[in-house]
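Trainee: Shown below is the structure under consideration.
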């Protein structure tokens, strides 16, 4: 009986994940996700990189262009940097998600940026959620130290 209930619960949760994108408002200028935030006083990504060379944490707003979003349910996104290596953006307490059409949009994120090491296991999980091929996932063999951003709010600028 316990196994049957676990299977039913897993099925319900899987179905909810499949339809989660239907409830997310499409990305268009002015659309906001998570905690209310505005575009004012945001720094650009190169300035964030400079700040994190001297400070371990930055709290505030950062503007950037979205280059990738989690294909499963929008549970993370990546924002471009000058060197081409994107910054991973996750959402505080998984309290909100991003629509699939946010790729290519300029956004302002409010939250906390820091430099952290991401484990191989977590990197593979992100790659899987992003729809990467098994070959691409298999090439992930070392942890990565990089900027991560924990957003509590995101607003689409353009």
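Trainee: If only one of 124, 139, 144, 92 is without any contact (Cβ under 8 Å) to a residue 40 or more places away in the chain and out of contact with any helix residue (DSSP H, G or I) (no Cβ under 7 Å at 6 or more places or on another chain), which one is it? Write out each step before concluding.
Mentor: Numbers: 124 fails: out of contact with any helix residue (DSSP H, G or I) (no Cβ under 7 Å at 6 or more places or on another chain); 144 fails: out of contact with any helix residue (DSSP H, G or I) (no Cβ under 7 Å at 6 or more places or on another chain); 92 fails: without any contact (Cβ under 8 Å) to a residue 40 or more places away in the chain.
Checking each option against the conditions leaves just 139.
One line per residue, one yes/no per condition, for (1) surrounded by 15 or more Cβ atoms within 10 Å (Cβ to Cβ); (2) not in a loop (DSSP other than H, G, I, E, B):
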site: 104; (1), (2): no, no
site: 107; (1), (2): yes, yes
site: 111; (1), (2): yes, yes
site: 122; (1), (2): no, yes
site: 127; (1), (2): yes, yes
site: 137; (1), (2): yes, yes
site: 142; (1), (2): no, no
site: 152; (1), (2): yes, yes
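Trainee: Within segment 56-71, take every residue that is without any contact (Cβ under 8 Å) to a residue 60 or more places away in the chain and closer than 13 Å to residue 40 by Cα and give me the one that is surrounded by the most Cβ atoms within 10 Å (Cβ to Cβ).
Mentor: Applying the filter and picking the extreme gives 61.
Trainee: Sticking with this one: Against the definition (under 27 Å from residue 29 (Cβ atoms), modelled with pLDDT of 90 or more and assigned to a loop (DSSP other than H, G, I, E, B)), how does residue 98 come out, yes or no? Working first, answer last.
Mentor: Numbers: under 27 Å from residue 29 (Cβ atoms): yes; modelled with pLDDT of 90 or more: yes; assigned to a loop (DSSP other than H, G, I, E, B): yes.
Here the answer is yes, as residue 98 does meet what is asked.
Trainee: Okay, moving on. Count, please, the residues in segment 28-48 that happen to be part of a helix (DSSP H, G or I) and modelled with pLDDT under 90.
Mentor: To start, the set of residues in segment 28-48 that are part of a helix (DSSP H, G or I) comprises 45-48.
Still in the running and modelled with pLDDT under 90: none.
Selection size over segment 28-48: 0.
The values are calculated or read from the model by the stated rules, or taken from the named source; none is laboratory data. The structure displayed is predicted, hence computed values, not measured ones. Here the Cβ is made from the backbone with ideal geometry for all residues, glycine too, and neighbour counts use every protein chain on show.
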